[in-house]
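Read-outs throughout are calculated quantities, based only on the coordinates presented, and are distinct from any laboratory measurement. Quantities reported herein were computed from a predicted structural model and do not represent experimental measurements. We place every Cβ from the backbone using ideal geometry, glycine too, and count neighbours over all the protein chains shown.
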Amino acid sequence: MAKKNTPTNNVGNNKPTDPKKPSTMGQKPTSRFNPMYVYGILLIAIFAIQYFTSGGNPVETSWQEVKNTMLKNGDVEKIVVVNKSQSDIFLKEASYEKYKSKFTQGFSAPAKIGPHFFFTIGSIDVFEKNLESAQAEFGENAKVTLTYEIRHDYFSEILSWLFFPLLLLAVWFYIFRRMSKGGGSGGNIFNVGKSQAKIFDKESRVSTTFKEVAGLAEAKQEIEEIVEFLKNPERYTKLGGKIPKGALLVGPPGTGKTLLAKAVAGEADVPFFSMSGSDFVEMFVGVGASRVRDLFKQAKEKSPCIVFIDEIDAIGRARGRNPNMGSNDERENTLNQLLTEMDGFDTNSGVIILGATNRADILDRALMRAGRFDRQIHVELPDVVDRKEIFMVHLRPLTLSDDVNVGFLAKQTPGFSGADIANVCNEAALIAARKKKTKVEKQDFLDAVDRIVGGLEKKNKIITAEEKAIIAYHEAGHATVSWLLEHAHPLVKVTIVPRGKALGAAWYLPEERQITTKYQMLDEVCATLGGRAAEELIFNKISSGAQNDLEKVTKTAYSMVCVYGMSEKVGNVSYYDSSGQSDYSFSKPYSEKTAELIDAEIKELISVSFVRAKDILRKNKKGHKELAELLLEREVIFTEDLEKIFGVRPWGKKKEDEEQPIEKVKPTPKKTSKKDAEIAPEA
Ligand code: ADP
Ligand code: ZN
């Protein structure tokens, strides 16, 4: 892996200590000045002063004793009332010796000048009255000077003032240290606003090339142009053209966006800054904006270079969508800073920004306008041909047995992203190794696919015989209905081995189609309801196992009515907001009456499909039963078994030929195509 290099280390923070380095070489760095020592010395000094200046402490006594002994005998010189709450007694010099025995009680004997005794008084008025009456009683003897004093205990007062600010400061330090950990040298608070971009430059060069990126032909073509810009900017600027500032890679996760960006850097041989959108976001105001500024500053220093911001939707989400949420302010500031920076640098400065997101629809429009991310490059899920190429890239390092056919693997993995395929290859190798094989075989790949789609096999999940029968008939119901409907996806495999959370699963081979017709969707709904229909027909009771199916059916029905305008009664309307600009969650864009109509239509659609599924199963009761029994016996059944029971699908064969087009005509990348959930395990 590339070394994590944080260039912020040598900006500023270390400067004060650097000049000292030579003088401390070869010896202990004792000369280094540490402010902590000063605080320590100061504290000790304060305690010392407190201790020495106060001398010994006066001994506690009571008014009774003062009156009946000291005043009576005329031993008291003066009384000082301190802070209205304590009386300090000063003895006459001549009488000091008389009380010496009492002084030893205390921590240390009181100083000769006094005060020698003290007692606490409740109220000054009472004290004065008592004193007056004592003086009246004892006459000349009890004559004392009475003074009042307000004494400040500066030490504890200052301490109580400082306590909370100090506590706050400590907490603040702690948080900043933690925050800046990712950003730099052992957590310096000044690194908080620094960008945390990883850079790959001269020392840790990106070695990814276009060869490692399989498929993605159009994306590659567009991105190759960016490499050209970086390599020969003059060729474009000479003719007066401007080099684009940025390109946005849009596509589902794992389709190779990061890989493409890295390949650009690798091919153009320029430094590559990589950062995730969420790295900008911190709970402190202004940190995100400051990080953006810092990132661009660094990038300009290293120009020409590429700045890659992954998950750019974390900061680039449309502004002002949830105006009530206070937390949005900080993100907006960050986004504004990003926009400013992108406008700010010269087009010919050689910094190209690549952003990646899988949600281009929620991005702020300002981000996408020309002059910022001028280009949008769509990175789609790979089709059969692309998957084959991706497999070839990732199979290269594996030791394969002869029965592994790349075309077959590509066909078995519809809907897989590049990352999934990489995962399949790795998983297959691990499975083969676990079985102590010397080569990775076809079966290992199939197991890996199963595992990735469905999760780990749960062999020890306890299932009763009755439950197992229900699951078998349920899955057989799906298989039967989908096999017999023209537009439903043909089945690849049914299993009743529990995996992950699902108790059984039916996998289909979807056609890779770009638009879906109403008939296809209706058949899909019907096949999905096949499971519950079977339960009702065979056992005359329904189970909770169909929850997943029902959820899927409801979603499909809803989108048929509200998104694709496929309901006659509701009409050709679509309430889907692809721009994501307005929030429909609070106010629906249709009336209550329409809402009722929509509900009724969805219900109607589903119940008609359910009746249809039951019909099909009733008519093919024998086949369904045979299939379920086979499933109970073998736990897994394949296309061939279905062909044996129901015969070859008359329309299925034709599709098979279309499945592998030699030269696939690709849709224009801008068009967002509705793809079905391609491989769909279901409960
Ligand atoms: P994204 O950034 O789109 O989420 P990545 O670029 O991080 O996806 O891809 C993750 C991994 O998937 C890559 O490291 C690579 O191994 C594999 N991968 C994805 N797409 C491809 C592809 N077109 N060709 C080869 N490998 C790919
Ligand atoms: Zn089901």
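Go ahead and run the numbers for FRET between Thr464 and Asp577, Cβ-Cβ distance against an R0 of 45 Å, rounding to 0.05. E between Thr464 and Asp577, to the nearest 0.05, is 0.45. Estimated at 0.36 nm per residue, the fully extended path between Thr69 and Asn405 surpasses their Cα-Cα distance by 109.6 nm. Spin-label model, Trp172/Val38: points 7 Å from Cα along the beta carbon direction are separated by 1.8 nm. Peptide packing: for 624-630, 406-412, the average count of neighbouring Cβ atoms within 10 Å per residue gives the ranking 624-630, 406-412, highest mean first.
Taking packing as the residue-averaged number of other Cβ atoms within 10 angstrom, the listed peptides 544-552, 163-171, 270-278 run from highest to lowest as 270-278, 544-552, 163-171. Positive-end ranking of His116, Ser62, Val80 along the dipole of the range 56-151, with charges on Cβ about the Cα centre, is headed by His116. Between Gln135, Tyr148, Tyr99, the Cα set farthest toward the positive side of the dipole of the range 56-151 (charges on each charged residue's Cβ, about the Cα centre) is that of Tyr99.
Of Lys435/Lys644; Lys493/Lys555; Lys435/Lys552; Lys220/Lys493, which sit over 26 Å apart, Cα to Cα? Don't skip to the end; give the middle numbers.
On the way: Lys435/Lys644 33 Å; Lys493/Lys555 24 Å; Lys435/Lys552 37 Å; Lys220/Lys493 35 Å.
With Cα atoms farther than 26 Å apart: Lys435/Lys644; Lys435/Lys552; Lys220/Lys493.
Shape call for the range 56-151 from the C-alpha gyration tensor, a ≥ b ≥ c root eigenvalues: rounded (a/c under 1.5), prolate (a/b greater than b/c) or oblate? Cα axes put the range 56-151 in the oblate bin.
Packing around the peptides 486-496, 220-230, taken as the average count of other Cβ atoms within 10 Å per residue, puts them in this order, highest first: 486-496, 220-230.
Rounded to the nearest 0.05, what FRET efficiency is calculated for Lys231 and Thr340 with R0 set to 41 Å and r the Cβ-Cβ distance? Numbers along the way, then the final one.
Working: r = 28 Å, r/R0 = 0.69.
It comes to 0.90.
If R0 is taken as 51 Å, the Cβ-Cβ distance between Phe163 and Lys129 corresponds to a FRET efficiency of 0.80. Taking 0.36 nm per residue of separation and subtracting the Cα-Cα distance, full extension of the segment from Lys439 to Asp269 would add 57.5 nm. Counting only DSSP beta bridges with both residues in the range 56-151, the antiparallel share comes to about 60 percent.
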